[in-house]
2 protein chains.
Amino acid sequence: METARPHPYYPQNLVLDHYVPNTNSMMDTLIMMFAVFGVIIAVSLFLAYKKRNTSIRGVGNQVTFVWFVMCGFIHLGLEGYFGVYHKTLAGMNTPLAQVWKEYSISDSRYLTSDSFVLIMERITAFAWGPLAFYTAYAQYHDLPSRYIVQLILSLGQLYGDVLYYFTTLVEGSPHCDPHPYYYYFYFVHFNAWWIIIPCILMHNSIKNLYRAVRITMEGAAKDQKQKKHK
Amino acid sequence: METARPHPYYPQNLVLDHYVPNTNSMMDTLIMMFAVFGVIIAVSLFLAYKKRNTSIRGVGNQVTFVWFVMCGFIHLGLEGYFGVYHKTLAGMNTPLAQVWKEYSISDSRYLTSDSFVLIMERITAFAWGPLAFYTAYAQYHDLPSRYIVQLILSLGQLYGDVLYYFTTLVEGSPHCDPHPYYYYFYFVHFNAWWIIIPCILMHNSIKNLYRAVRITMEGAAKDQKQKKHK
C-alpha cells in the first residue's frame, strides 16, 4: 500500500507529519542567503583592508580573515538555529527554517533530528562558531595564539565534515535527493568548502607552528652551549 | 507478539540473526585484554626509561609516552579490527571479536554497523592509530613536531569521543544495557579516558606551542629593532 508522498525529502517513505511547504521560492531563499553572505563578506573585507600593511597582508590573508568571519556567522547563526529548533524545523516558515528545509532536500537528516547530525552541528555551532570569531580576532591583532586556534578550528571542521559525508555515503546516501542539482550543488559542493579550506589552513598552521618550535629549540640549544663555554 | 530474546544486547527487540554467544567467559576475555595491555605498558615503560635523562624526563612524560603507544595499539589493533570486520562481528568467535561482543553489551552499535560508530572508528583506527605511534616517536626523539601532532591526535580523539557519547545519550542510550556494570564500567569509564587525557594533553600542547610562538615573535621584533638602529 503506497500513499501519496506528502514531502519532497528522501527516503521517500520518510514520515514527516509536521512538515509544511516553504512559502518562499527556492530562488528567493537562495538570493536572501547569498545577500546576507555578501554583506558579511563586504564588512569583513573592509576590516581586513584596514590591516593590509600589518597583520592581514596580501590576498591570502585577507581571504582567510573573511573565511573565519563567515564561518563564525554560518556556524553560530545558521547551524546554531538548527541546533536549537531541529525538532520543529519541518513545520516552521521563518527565513532560516526555509533555508534548512530547502537544503534538507539534499539531506533529510536535518529534519529528522538524526543523532549524529544533531550533535555534530551543535558542537560546530557552539564550539567552532565562537572559536571562528576568536580566530579572526587573533589574526586581526596578530596574537601568538593565531595559528594554534586556526589549527584547532580547521581540524574540528574537517573531522566533522568527513564524518558528515561518510555517515550517509556508507549507507548509499538514502537521505539525499539523487537529482544532480541537490546532490552535487547542495550536498557535495556546499560541504566541500569545509574539506578543502581547512586542509589548506591546517597545512599553513602546522608550517608556522613547526617553524616557531624549531627556532625556539635552536635558540635553547645555543644558550645551552654558551653557558657551557662560560 | 514477543519472541524470546536471542541475544544479550539493547534495545531488546534488536534483530541480530547472525549472533553466536561468546565461547570465553567474561572474566577470560577481560584477563586476556588486560594481559595484552600489561605487556604493551611494560615494553613502552622500558623504552621510556632509556630516555629518562633526555626526551622523556619525569613521570608525566613517561605516562604520556605509554599513553601514545597504548593508543596506537588500541586504535589500530582493536578498533581497526572492528573497522574491518564490523559486518560479521556478531557471528565471530576470534579473541578480538569476543572482546567486541562483550563490550557491545554496553553499546550494541558495534554489532549493527551503526554508520556514525563505523566511520568514527575507521578514522580513529586508520588516521589516529598511526598518528599515535608517530606522536610517541616524535616525543622519543624530541622532534619539533611533537606538540603539533599531540594536539591533532588529542583533539581528534576528544571530538570523536564526545560525539560517541552524545549520539546515544541524546536518544536516551537505547543501545546500552542499563546495568551499572555495563553502563558505568564499560560505556562511561572506558571511554572517559579519551575525554580526560586528551584534554590534559591539548592543554599541554597549547601551552608549549604558545610559548614557542611568543619567543619567536619577540625575537623577530628584536631583530627588526636592531635593524632600524643600524
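The values are calculated or read from the model by the stated rules, or taken from the named source; none is laboratory data. Not measured: the values here are computed from a predicted model. When we count neighbours, we look across all protein chains shown, and the Cβ atoms used for this are built from the backbone with ideal geometry, even at glycine. Keep in mind that these areas ignore ligands, DNA and RNA; they rest on the heavy atoms of the full protein, side chains included. Shrake-Rupley method; radii C 1.70, N 1.55, O 1.52, S 1.80 Å.
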Residue check, A:Trp67 under 23 Å from A:Phe187 (Cα atoms), open to solvent by 20 Å² or more (accessible area, probe 1.4 Å) and not in a loop (DSSP other than H, G, I, E, B): yes
Out of the residues in the stretch A:7-26 that are open to solvent by less than 50 Å² (accessible area, probe 1.4 Å) and of a type in the set (A, V, I, L, M), which is nearest to A:Gly91 (Cα to Cα)? A:Leu16
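Is it the case that some residue within the stretch B:221-229 is over 14 Å from the mean Cα position of the chain (by Cα), at pLDDT 95 or above, within 14 Å of chain A (Cβ to nearest Cβ) and in a helix (DSSP H, G or I)?
We begin by selecting, within the stretch B:221-229, every residue over 14 Å from the mean Cα position of the chain (by Cα); these are B:221-229.
Among the residues that remain, those that are also at pLDDT 95 or above are: none.
No: the stretch B:221-229 contains no residue that is over 14 Å from the mean Cα position of the chain (by Cα), at pLDDT 95 or above, within 14 Å of chain A (Cβ to nearest Cβ) and in a helix (DSSP H, G or I).
Mind listing just one residue for me: the one in the stretch A:106-121 that is farther than 27 Å from B:Asn204 by Cβ and either more than 18 Å from the chain's Cα centre (by Cα) or β-branched (Val, Ile, Thr) (or both) and, of those, nearest to the other protein chains (Cβ to nearest Cβ)? Explain how you work it out, then say what you get.
Pass one, the stretch A:106-121, residues farther than 27 Å from B:Asn204 by Cβ: A:106-118, A:121.
From what is left, the residues that are either more than 18 Å from the chain's Cα centre (by Cα) or β-branched (Val, Ile, Thr) (or both) are A:108, A:111-115, A:117.
Values: A:Ser108: 14, A:Leu111: 16, A:Thr112: 12, A:Ser113: 8, A:Asp114: 9, A:Ser115: 4, A:Val117: 9 Å.
So, considering only residues that are farther than 27 Å from B:Asn204 by Cβ and either more than 18 Å from the chain's Cα centre (by Cα) or β-branched (Val, Ile, Thr) (or both), the one nearest to the other protein chains (Cβ to nearest Cβ) is A:Ser115.
In the stretch A:86-108, what residues are among the charged types (D, E, K, R) and surrounded by fewer than 22 Cβ atoms within 10 Å (Cβ to Cβ)? Steps first, answer last, please.
Step one: list which residues in the stretch A:86-108 are among the charged types (D, E, K, R), which gives A:87, A:101-102, A:107.
A:Lys87, A:Glu102 - these are the residues of the stretch A:86-108 that are among the charged types (D, E, K, R) and surrounded by fewer than 22 Cβ atoms within 10 Å (Cβ to Cβ).
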If we keep only residues of the stretch B:164-176 that are surrounded by 20 or more Cβ atoms within 10 Å (Cβ to Cβ) and over 13 Å from the mean Cα position of the chain (by Cα), then the residue nearest to the other protein chains (Cβ to nearest Cβ) is B:Thr167
From the residues in the stretch B:127-143 that are within 16 Å of B:His75 (Cα to Cα) and open to solvent by less than 30 Å² (accessible area, probe 1.4 Å), which one is farthest from the other protein chains (Cβ to nearest Cβ)? B:Ala136
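For B:Thr124, are the conditions met, namely being surrounded by 15 or more Cβ atoms within 10 Å (Cβ to Cβ), within 10 Å of another protein chain (Cβ to nearest Cβ), in contact with an Asp or Glu (Cβ under 9 Å, 6 or more places away or on another chain) and modelled with pLDDT of 95 or more? Break it down stepwise before answering.
Values: surrounded by 15 or more Cβ atoms within 10 Å (Cβ to Cβ): yes; within 10 Å of another protein chain (Cβ to nearest Cβ): no; in contact with an Asp or Glu (Cβ under 9 Å, 6 or more places away or on another chain): yes; modelled with pLDDT of 95 or more: yes.
Criteria not met by B:Thr124.
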Return yes or no: is B:Arg146 more than 19 Å from B:Tyr9 (Cα to Cα), among the basic types (Lys, Arg) and open to solvent by 40 Å² or more (accessible area, probe 1.4 Å)? no
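Answer with yes or no whether A:Met217 is over 13 Å from the mean Cα position of the chain (by Cα), modelled with pLDDT under 95 and hydrophobic (A, V, I, L, M, F, W, C). Before you say what the answer is, go through the steps one by one.
On the way: over 13 Å from the mean Cα position of the chain (by Cα): yes; modelled with pLDDT under 95: yes; hydrophobic (A, V, I, L, M, F, W, C): yes.
It is true that A:Met217 is over 13 Å from the mean Cα position of the chain (by Cα), modelled with pLDDT under 95 and hydrophobic (A, V, I, L, M, F, W, C).
Among the listed residues A:Tyr159, A:Tyr165, identify the single one that is within 21 Å of B:Met202 (Cα to Cα) and not charged (D, E, K, R).
Working: A:Tyr165 fails: within 21 Å of B:Met202 (Cα to Cα).
Exactly one of A:Tyr159, A:Tyr165 is within 21 Å of B:Met202 (Cα to Cα) and not charged (D, E, K, R), namely A:Tyr159.
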Out of (1) on the phi < 0 side of the Ramachandran plot; (2) touching a residue at least 40 places away in the same chain (Cβ under 8 Å), the odd one out for B:Asp142 is which? (1)
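Kindly indicate which of B:Leu151, B:Leu201 is more than 9 Å from every other protein chain (Cβ to nearest Cβ), in contact (Cβ under 8 Å) with a residue 12 or more places away in the chain, touching a Ser or Thr at 6+ places or on another chain (Cβ under 8 Å) and part of a helix (DSSP H, G or I). Before you say what the answer is, go through the steps one by one.
Values: B:Leu151 fails: more than 9 Å from every other protein chain (Cβ to nearest Cβ).
The match here is B:Leu201.
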